[in-house]
Amino acid sequence: MTRLVAVLSDVHGVLPALEAVLAEPDVRAADLIVLTGDLAAGPMPVPTLDALAALGERAVWVRGNADRELVALAADQTLPVPDEVSRWAARQLRPEHLDRLAGLPHPVTLEVEGFGPVLFCHGTPRDDEEIVLVDSPLDRFDQVLSTVDEQVRTVVCGHTHMPFARLASGRMVVNPGSVGMPYGRSGAHWALLAGGGIQLRRTEFDLDAACRRIAEESGYPEAAAWAEYFLRAKATDREALAVFSRAAT
């Protein structure tokens, strides 16, 4: 039985943030590290995917919408993307990266001690791009969780880059926030599931050094500006909620 699960979501190719979280004692001790999507669409896609692949069987990969989009972009499909770094990142990936991303499941259900079956997804269990927010009405939660087996009492998602944990019609719904592109507060955000309890965690790291490293090592032409904006969380949670609320209906 899996006892300790670390959940990392929305890494978005930010290797310094990922490395900081992977160095956390509770992540190093975790039985499983569940990756709830949007792993590589960012300024350091190749070393990020290589670092995640090095985790081996300890890592459980779940598809995010940006992972799916990278595969399509690499195949020269024309897609609207919110961040042009995705088009650049898709061109950097090796065939084995694209094969892995193309084969990712969504959602994934795992047995976790103290929880029973836990469903891990990206947007919602039924759609990797669907949005649910901390302040979404219960009717909205009932709608997006309508496909989930009654035995599943805990659902862990991602996608909106803002952490929360709340009850919704008797189920705990958890969003760990974003490792690499946080909205509202800087730092690498993640979650820990242990003994039936849920902890929202935040790992601080040297933002100045991380921004310099991305600017120097990325190869993305706008890497310095991208890192300054996203790593320092210049997009506020208020702004993000205003945008997402229009889509979460």
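The values are calculated or read from the model by the stated rules, or taken from the named source; none is laboratory data. Because the structure is predicted, anything quoted here is derived from the model rather than measured. No Cβ is skipped: glycine too gets one built from the backbone with ideal geometry, and neighbour counts run over all protein chains shown. Accessible surface areas use protein heavy atoms only, side chains included; no ligands, DNA or RNA. Shrake-Rupley method; radii C 1.70, N 1.55, O 1.52, S 1.80 Å.
Below is a table of values for the structure above.
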read-out: Förster radius 45 Å - calculated FRET efficiency between residue 127 and residue 225, Cβ distance, rounded to 0.05; value: 0.90
read-out: Cα gyration tensor of the range 101-160 - equivalent ellipsoid semi-axes, whole Å, descending; value: 18, 16, 10
read-out: Computed [θ] at 222 nm, helices only, for the chain once each DSSP H run of length n ≥ 4 contributes -39500 (n - 2.57); value: -9500 deg cm²/dmol
read-out: Surface accessible to a 1.4 Å probe, residue 133 within the full protein complex, Å²; value: 10
read-out: Percent of beta bridges antiparallel (DSSP, the range 81-230, rounded to nearest 5); value: 75
read-out: The chain: mean projected area of Cα convex hull, nm²; value: 12.2
read-out: Distance in nm between pseudo-label sites at residue 19 and residue 238 (7 Å out along the Cβ direction from Cα); value: 3.5
read-out: P(r) tail fraction, the range 1-47 - alpha-carbon pairs more than 18 Å apart, %; value: 30
read-out: For the range 32-86, projected area of the alpha-carbon convex hull averaged over all directions, nm²; value: 3.8
read-out: Whole-number accessible area per residue in Å² for the chain, which is evaluated in the context of all protein chains at 1.4 Å; value: 42
read-out: With every protein chain in place, the chain: carbon and sulfur % of accessible area (1.4 Å); value: 49
read-out: Restricting the range 97-199 to trypsin sites (Lys or Arg not before Pro) in coil, as DSSP defines it, with at most 11 other Cβ within 10 Å; value: none
read-out: At 1.567 mPa s and 4 °C, Stokes D of the range 127-175 from Kirkwood alpha-carbon radius, µm² per second; value: 118
read-out: Along principal axes, Cα extents of the range 147-249, largest first, whole Å; value: 49, 34, 21
read-out: Loop-exposed GluC sites (Glu not before Pro) per DSSP, neighbour cap 13 Cβ within 10 angstrom, longest uninterrupted part of the chain; value: 1-83
read-out: Inter-part distance where the range 152-201 and the range 58-82 are each reduced to a Cα centre, Å; value: 22
read-out: The range 1-117, Cα convex hull volume normalised per residue, Å³; value: 98
